[in-house]
Amino acid sequence: MALPKVLIVDDEPAILELVSFNLQQAGFTTVTASDGAEALQKAAAEKPDLIILDVMLPRVDGFEVCRSLRARGNTPILMLTARREEVDRVLGLELGADDYLTKPFSPRELVARVRAILRRAAENQRQPDDILAIGDVVINPASHVVTVKGKPVDLTLKEYQLLQLLAENRGRVFSREALLERLWEGEYYGDTRTIDVHIRHLREKIEENPSNPRYILTVRGVGYKFRD
């Protein structure tokens, strides 16, 4: 069985060497890139299982790289940054990043997060007979394809995971904290408003009238649920 491949993108040679060494010791193969343009080229050529992406990159910054990668597919992305501002974390997650880690970081924590992201991605692979159909919304876990009235909807991985979790537990109310815990397995400690951002984007994509949603409902003072 081939070892999972990780593309590491950072303009600091010391970071590339540190991350690559620790991931190889943990049983991964690694590919590196030192700027945004090279990252996009390597992602297309190498088809990694996961991408570790620095925000501050020459030529094309990490946010733009993340946006471009999401337009091409759903390869999991772990973003790195030396900046601690909440707006950077939220922007990265809005663009489709799966997790966020601030420099300086522990190599052990980095490896743990990589494993957790890949584990969640693997767990999302389902059989075709697990298809969920609720009203006009159809979710196919085997292909990660979501359609509304027969038309495919383009979702990020986190948006898909959030939709699937709510739909599989329709009628059950989840707090924002519970959704963060389930989707990031306790490994994201940012503001719970991140969930509100993902919910807003989901409503814009699957609801006929996002301001008066039919499927993803707000339970005031508690959180969210999928319609019964």
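The values are calculated or read from the model by the stated rules, or taken from the named source; none is laboratory data. From a predicted model like this one, the values you see are computed outputs, not experimental measurements. Note that we place each Cβ from the backbone using ideal geometry, even for glycine, and neighbour counts take in every protein chain shown. SASA here: full protein model, heavy atoms, side chains in, ligands and nucleic acids out. Shrake-Rupley method; radii C 1.70, N 1.55, O 1.52, S 1.80 Å.
Scanning the range 26-37 for residues that are outside any loop (DSSP other than H, G, I, E, B) and modelled with pLDDT of 95 or more yields Thr29, Thr30, Val31, Thr32, Ala33. Glu204 meets the conditions (1) touching a residue at least 60 places away in the same chain (Cβ under 8 Å); (2) open to solvent by 50 Å² or more (accessible area, probe 1.4 Å); (3) not small (Gly, Ala, Ser) in every case but one. The failed one is (1). Could you go through the range 72-83 and let me know if any residue there is modelled with pLDDT of 90 or more and open to solvent by 20 Å² or more (accessible area, probe 1.4 Å). Yes: the range 72-83 contains one or more residues that are modelled with pLDDT of 90 or more and open to solvent by 20 Å² or more (accessible area, probe 1.4 Å).
The lone criterion from (1) open to solvent by 60 Å² or more (accessible area, probe 1.4 Å); (2) in contact with a strand residue (DSSP E or B) (Cβ under 8 Å, 6 or more places away or on another chain); (3) not in a loop (DSSP other than H, G, I, E, B) left unmet by Arg172 is number (3).
Taking the stated definitions as given, is Val60 crowded, with 20+ Cβ neighbours inside 10 Å, in the same structural domain as Arg119 (by the TED database), modelled with pLDDT of 85 or more and among the aliphatic types (A, V, I, L, M)? It is false that Val60 is crowded, with 20+ Cβ neighbours inside 10 Å, in the same structural domain as Arg119 (by the TED database), modelled with pLDDT of 85 or more and among the aliphatic types (A, V, I, L, M). Tallying residues that are in contact with a Phe, Trp or Tyr (Cβ under 8 Å, 6 or more places away or on another chain), closer than 12 Å to Leu202 by Cα and surrounded by fewer than 20 Cβ atoms within 10 Å (Cβ to Cβ) within the range 150-166 yields 0. (1) surrounded by fewer than 19 Cβ atoms within 10 Å (Cβ to Cβ); (2) within 20 Å of the chain's Cα centre (by Cα); (3) among the hydrophobic types (A, V, I, L, M, F, W, C): which one isn't true of Val9, the others all being true? With respect to (1) surrounded by fewer than 19 Cβ atoms within 10 Å (Cβ to Cβ); (2) within 20 Å of the chain's Cα centre (by Cα); (3) among the hydrophobic types (A, V, I, L, M, F, W, C), Val9 is out only on (1). Assessment of the range 22-30 against the conditions (open to solvent by 20 Å² or more (accessible area, probe 1.4 Å), under 21 Å from Ala112 (Cβ atoms) and in contact with a Lys or Arg (Cβ under 7 Å, 6 or more places away or on another chain)) yields at least one matching residue.
For the range 113-149, taking the residues that are open to solvent by 30 Å² or more (accessible area, probe 1.4 Å) and under 13 Å from Ile52 (Cβ atoms), the one that is modelled with the lowest pLDDT is identified as Leu118. Taking the criterion of being among the acidic types (Asp, Glu), outside any strand (DSSP E or B), farther than 24 Å from Gln41 by Cβ and at pLDDT below 90, would at least one residue in the range 92-110 satisfy it? Yes; the residues of the range 92-110 include at least one that is among the acidic types (Asp, Glu), outside any strand (DSSP E or B), farther than 24 Å from Gln41 by Cβ and at pLDDT below 90.
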